Amino acid sequence: MSTAGTIIRTAPTESCQPWPRHKLLGEEWRAMAASLGEAGAPSLLALWADTARVYVLLHDADAAGWLVASTSVDDGRYPALSPRRPSATWFERMIHDLWGHEASGGRDLRPWLEHGRWPVTVPMSLRPLARESPAEPPEFLPVEGEDYHQIPVGPVHAGIIEPGHFRFSALGETVARLEIRLGWLHKGTLALMRGKSPRVAARFAARLSGDTTVAHSVAFARAAEAASGTEVPPRAAALRAVMTELERVANHLSDCGAIAGDAAFAYLPARFGWHREALLRAAAVAFGHRLMMDVVVPGGVTADIVPGGTEAILRALAPLEDELPELIRVYDGFSSLLDRTVGTGIVTPALAGEFAAGGFVGRASGRAIDLRRTPGYPPYDRLAFEVPVQQEGDVDARVRIRFAEIGASLNLLRTLLIELPEGGVSVPLLLGSGEGIGWAEGFRGDIWHWLRLDGGQIAAVFMRDPSWLQWPLLEAAIHDNIVADFPLCNKSFNCSYSGVDL
Amino acid sequence: MVWRRVLATLRHGPATLPAARLDDAATRRMADRLEAAAQRTLGRSLAIRQVDAGSCNGCELELHMLNSIVYDLERFGLRFVASPRHADVLLVTGPLTHNMREALLRTWIAMPDPKWLVAVGDCASDGGVFKGSYAIAGGVDAALPVDLLIRGCPPAPAQLLNGLRTLLEANAD
Ligand code: SF4
């Protein structure tokens, strides 16, 4: 077993469902952090905080288990994980901006969500302070050497896209470094959720990242259900999966179209867009909302699928099933298109592993991670489905993984809809206190939610979008590519801005 | 292979939805709000610059659908443009985060007169579910005057299209 795994497993625990949380002393946390550079050390999945503690979720591949650990913040500090685990960096910056806990020895202590614009500082700490000093311009990593030039892009980009800043340092056409700065969309979501019942707070989980509204709602509901010991009826779990798979297909369709569109190939976005619209309309018929927002709630789903909803969805799937093979052949048949995607924006399997990237970003770079399979959750544990994996890690591989996932999800949808279990679709959430972790596999990958309930209300919560571990890989993927390939590369990742800006 | 597909689609007729009838009263109300001089300047075409001022990205998903072959925004003379410098309309989504305020104002300033502002979504209307957060201003009108508000969370493409066409029709009267 890894050193970190041993340190964590021997520490005393506090109740958290389904995995106990290990309470580490400062020294133990420091030793755990120091061992994260060893071969076979666990992957970092999330790092977050509340007013008194810092929490980490790790995956120990050796012991095939997930580990939750926490340590008390001592005098405003805790030992940083980022020196041995660079993927902790953005989390540490976020924790500092929201709660004021400093990662001592951290690789990067610059502000992240904090742009100097909120009326208060450390907004989630016990005592937020009124802001006194005005905003300062952000500091970027230095680039030294002759002939480098910088291209600042954003926060407002050229298209209908979320805001963020990309700072390219280029040598001629070639990108030497991309630095991403986010935080423009920070809405204070976590603070708004505190003190509310899970049922009320579900509206915020549904709006963390609109394109993943279903999967985030599922992860949140499952965390609340784990914390309160509630079990949802099988029909509710199956309907959640129907919505999750519809969401996955709809997003893959628009992104595959958009990638081709960025290579000036208009036919594919036209066709994929048409199928997407058909799916969204079917979703509106079946569940009352095109994006299926606010349908999944703690305890189940708000309403059963309407009579005729199943048929509406099946009617929308049929033309897509028919046309998909041909659309993939079209993608395959144009060298001008493949020329742009093959070999562009490579993420090596080693790097994807180091950042524990999930979803199509991970699967295009050799990582066979899918939460529907391991650790699994209902109803996927009784279903067979393909999890495609490739090794190339380029734009093309990410596109092909998505094509394969569309096919797999279409099969899942048919099975789910035909075998919908009978029965109720919701149960009241048991009120009480407790801590829980919930997960779901959204179209971008692994989603993790954690929360602590106190007398039926949320005392603390964190929602980890897959993009946290994918954005930094985009910085790496564009290295040594030409600036003009960035849109294509970016689209092939399609990370969420709102999802990480919280 | 593509040509064969394109021919097949031609045989089926357009995938684009026919234009819905607009509500005349709403068009008149909008016309009253627009200046006569501006109406003559712009004719029947509007260039739209979109800014996400804190959205969850749900509103963007539906805005994207306007460019799909199903809604085909451009047939009405409406199009999304990359630069505010040649835009007539600023279309804003999101509850206006404090962090986005300056970028939004700078985009607005970069646009030539006459110009209009369209707020899209419940968030842009008054902050939506994020109302009361330390991080948001609470609706786009906290920073800029709003000419047209299209509500919804998110508004469906058909609603967006009708709203934008009202602006265009009122402008051309
Ligand atoms: S109105 Fe709804 S869909 Fe639009 S940005 Fe706000 S929460 Fe998202």
query = Hey, among A:291, A:268, A:239, A:208, which residue is more than 24 Å from residue B:69 (Cβ to Cβ), of a type in the set (A, V, I, L, M, F, W, C) and within 11 Å of chain B (Cβ to nearest Cβ)?
reply = A:208
key: Meets criteria (at pLDDT 95 or above and farther than 29 Å from residue B:63 by Cα) for residue A:187   = no
query = Which pairs do you get when a residue that is within 16 Å of residue A:242 (Cβ to Cβ) and assigned by TED's automatic domain parsing to the domain that holds residue A:330, found in the range A:264-288, comes within reach of a residue that is of a type in the set (Gly, Ala, Ser) and not in a helix (DSSP H, G or I), reach meaning Cβ atoms under 9 angstrom, with the pair 6+ apart or on two chains?
reply = A:280/B:156; A:284/B:156; A:285/A:308; A:286/A:308; A:287/A:303; A:288/A:303
ask   = So residue A:313 clears everything in (1) within 28 Å of residue B:13 (Cβ to Cβ); (2) in contact with a helix residue (DSSP H, G or I) (Cβ under 6 Å, 6 or more places away or on another chain); (3) free of Cβ contacts under 8 Å to residues at least 60 places away in the same chain except one condition, right? Which one?
value = (3)
note = Checked the range A:83-104 for anything among the hydrophobic types (A, V, I, L, M, F, W, C) and within 22 Å of residue A:2 (Cα to Cα); matches are A:88
ask   = Out of the range A:67-82, which residues are under 13 Å from residue A:6 (Cα atoms) and either of a type in the set (Val, Ile, Thr) or loosely packed, with under 14 Cβ neighbours inside 10 Å (or both)?
value = A:68
request  = Out of A:334, A:355, report the one residue that is more than 16 Å from residue A:268 (Cβ to Cβ) and not small (Gly, Ala, Ser).
outcome  = A:355
ask   = With respect to residue A:368, is the statement that it is part of a loop (DSSP other than H, G, I, E, B), more than 30 Å from residue A:274 (Cα to Cα) and open to solvent by 50 Å² or more (accessible area, probe 1.4 Å) true?
value = yes
ask   = Do we find a residue being surrounded by 17 or more Cβ atoms within 10 Å (Cβ to Cβ), part of a loop (DSSP other than H, G, I, E, B) and either touching a helix residue (DSSP H, G or I) at 6+ places or on another chain (Cβ under 7 Å) or within 14 Å of another protein chain (Cβ to nearest Cβ) (or both) anywhere in the range A:53-66?
value = no
ask   = Conditions: (1) over 11 Å from residue A:445 (Cα atoms); (2) in a loop (DSSP other than H, G, I, E, B). Residue A:374 meets all but one. Number of the miss?
value = (2)
task = Would you check if there is a residue in the range A:433-442 being outside any strand (DSSP E or B), under 25 Å from residue A:279 (Cα atoms) and of a type in the set (Phe, Trp, Tyr)?
result = no
inquiry  = Please go through the range A:144-176 and give me each residue that is open to solvent by 50 Å² or more (accessible area, probe 1.4 Å) and within 12 Å of another protein chain (Cβ to nearest Cβ), ordered by number.
reply    = A:158, A:161
request  = Note down all Cβ pairs under 9 Å where the first residue falls in the range B:48-67 and is within 7 Å of another protein chain (Cβ to nearest Cβ), the second is part of a strand (DSSP E or B) and open to solvent by 10 Å² or more (accessible area, probe 1.4 Å), and they're at least six residues apart or on different chains.
outcome  = B:50/B:80; B:54/B:136; B:63/B:80
remark   = Of the candidates A:221, A:202, the one satisfying the condition of being touching a residue at least 24 places away in the same chain (Cβ under 8 Å), within 14 Å of another protein chain (Cβ to nearest Cβ) and within 19 Å of the chain's Cα centre (by Cα) is A:202
ask   = Within the range A:132-152, how many residues turn out to be part of a loop (DSSP other than H, G, I, E, B), farther than 11 Å from residue A:176 by Cβ and free of Cβ contacts under 8 Å to residues at least 24 places away in the same chain?
value = 8
ask   = Restricting attention to the range B:127-166, which residues are buried (at least 21 other Cβ atoms within 10 Å of the Cβ), in a helix (DSSP H, G or I) and within 13 Å of another protein chain (Cβ to nearest Cβ)?
value = B:128, B:130, B:157, B:160, B:161
remark   = Considering residues that are at the interface with another protein chain (Cβ under 10 Å from one of its Cβ atoms), within 19 Å of residue A:459 (Cα to Cα) and either open to solvent by 10 Å² or more (accessible area, probe 1.4 Å) or among the small types (Gly, Ala, Ser) (or both), the number found within the range A:177-199 is 3
Lone qualifier among A:401, A:458 - being under 20 Å from residue A:297 (Cβ atoms) and modelled with pLDDT of 95 or more = A:458
key: Hey, residue A:215 buried (at least 21 other Cβ atoms within 10 Å of the Cβ), assigned to a helix (DSSP H, G or I) and among the hydrophobic types (A, V, I, L, M, F, W, C) or not   = yes
ask   = Residue check: is residue A:127 open to solvent by 60 Å² or more (accessible area, probe 1.4 Å) and basic (Lys, Arg)?
value = yes
inquiry  = So for the range A:332-351 (the condition being farther than 25 Å from residue A:488 by Cβ, touching a helix residue (DSSP H, G or I) at 6+ places or on another chain (Cβ under 7 Å) and away from the ligand (no atom under 16 Å from the Cβ)), does at least one residue qualify?
reply    = no
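The values are calculated or read from the model by the stated rules, or taken from the named source; none is laboratory data. Fair warning: this is a prediction, and the values are worked out from it, not measured in the lab. Cβ coordinates were reconstructed from backbone atoms using ideal geometry, including for glycine residues, and neighbour counts include every protein chain displayed. Side chains included, ligands, DNA and RNA excluded: accessible areas come from the protein's heavy atoms. Shrake-Rupley method; radii C 1.70, N 1.55, O 1.52, S 1.80 Å.
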